[in-house]
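What follows is a short report on a single structure.
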């Protein structure tokens, strides 16, 4: 099924210029337009030349807005990976001082900002989010619509799943999200600033499940290095053929995301469109033909 859309819909506001053909003051028209008789008060509102100029301008604006048609049905058959973030929302994520440029910003707020920037570059992946604290739940199912994922991320906050840290349940929930995906490559990015101290599922059990599903788990410990269980995070990553990272501040977390982007690259493509066909040449060609007609007609009137 083909879908129609403008790539730059905001350009359509220029259609308001058509009003000027009929309503602009005569003094302005003498400056801007060589054929001021078009704007004479004696000229009828329904005027052939005015209509032609209006149509020509409209076609040019539509062309600038870049109309396209694309096939959305095949969007689910993409070749990227399924990527789920397991995010720690325990009480300690409300601590400040993680961002050197804004000492009052909470750790979790800085995390969301960087995460939003990271997923915006995952052009060919399906992304989901698992939230964990005292318990865990699937917050965002796998989706290729990164704008929707970023929008939903903004609703999460510290303590939304309790103040403790159930890392095992967070991973198990992320694995349940991944089961819905069809990509061959499946990845979890675990981000935490604490120790496993809650939940009915152990980290060991969650890692065993990940290995059976052939899922890599990249782990990121954020904040003070003494606050999170670095040895546990290293073990999780090692047992799933992935890598562990530490980020004591925003700059280090940015570098971590860059490193993960290199380890798990995402193919670049044009927005979310598949089988895209540009249509701007059609209105542009019609506008050119109208302009040619008006030029020929003007020459005949002069002769």
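The values are calculated or read from the model by the stated rules, or taken from the named source; none is laboratory data. Since we're looking at a predicted model, the values are computed, not measured. Note that we place each Cβ from the backbone using ideal geometry, even for glycine, and neighbour counts take in every protein chain shown.
Here are a few things to note about the model shown:
- Annotation: of all residues in region 163-174 being assigned to a helix (DSSP H, G or I) and touching a residue at least 60 places away in the same chain (Cβ under 8 Å), the one that is nearest to the chain's Cα centre (by Cα) is 174.
- One residue alone among 149, 84, 127 is within 21 Å of residue 258 (Cα to Cα), part of a helix (DSSP H, G or I) and touching a helix residue (DSSP H, G or I) at 6+ places or on another chain (Cβ under 9 Å), and that residue is 149.
- Residues of region 124-135 that are in contact with a strand residue (DSSP E or B) (Cβ under 6 Å, 6 or more places away or on another chain) and within 23 Å of residue 182 (Cβ to Cβ): 125, 126, 127, 128, 129, 130.
- Criterion violated by residue 123 - all others in (1) surrounded by 24 or more Cβ atoms within 10 Å (Cβ to Cβ); (2) more than 15 Å from residue 164 (Cα to Cα) satisfied: (1)
- Hey, residue 195 surrounded by fewer than 21 Cβ atoms within 10 Å (Cβ to Cβ), in contact with a helix residue (DSSP H, G or I) (Cβ under 8 Å, 6 or more places away or on another chain) and more than 28 Å from residue 80 (Cβ to Cβ) or not: yes
- Residue within region 274-291 that is at pLDDT below 70 and surrounded by 15 or more Cβ atoms within 10 Å (Cβ to Cβ) present: yes
- For beta carbons closer than 6 Å, sequence separation of 6+ or different chains, a first residue in region 38-67 that is farther than 16 Å from residue 23 by Cβ and assigned by TED's automatic domain parsing to the domain that holds residue 294 and a second that is modelled with pLDDT of 50 or more and not in a helix (DSSP H, G or I), the qualifying pairs are 63/280; 65/6; 65/8; 66/7; 66/8; 66/280; 67/6; 67/279.
- Among (1) buried (at least 23 other Cβ atoms within 10 Å of the Cβ); (2) more than 16 Å from residue 241 (Cα to Cα) - the single one residue 171 does not satisfy: (2)
- Note on region 81-125: residues that are more than 19 Å from the chain's Cα centre (by Cα) and free of Cβ contacts under 8 Å to residues at least 40 places away in the same chain amount to 6.
- Test: residue in region 178-189 that is assigned by TED's automatic domain parsing to the domain that holds residue 222 and within 17 Å of residue 227 (Cβ to Cβ): no
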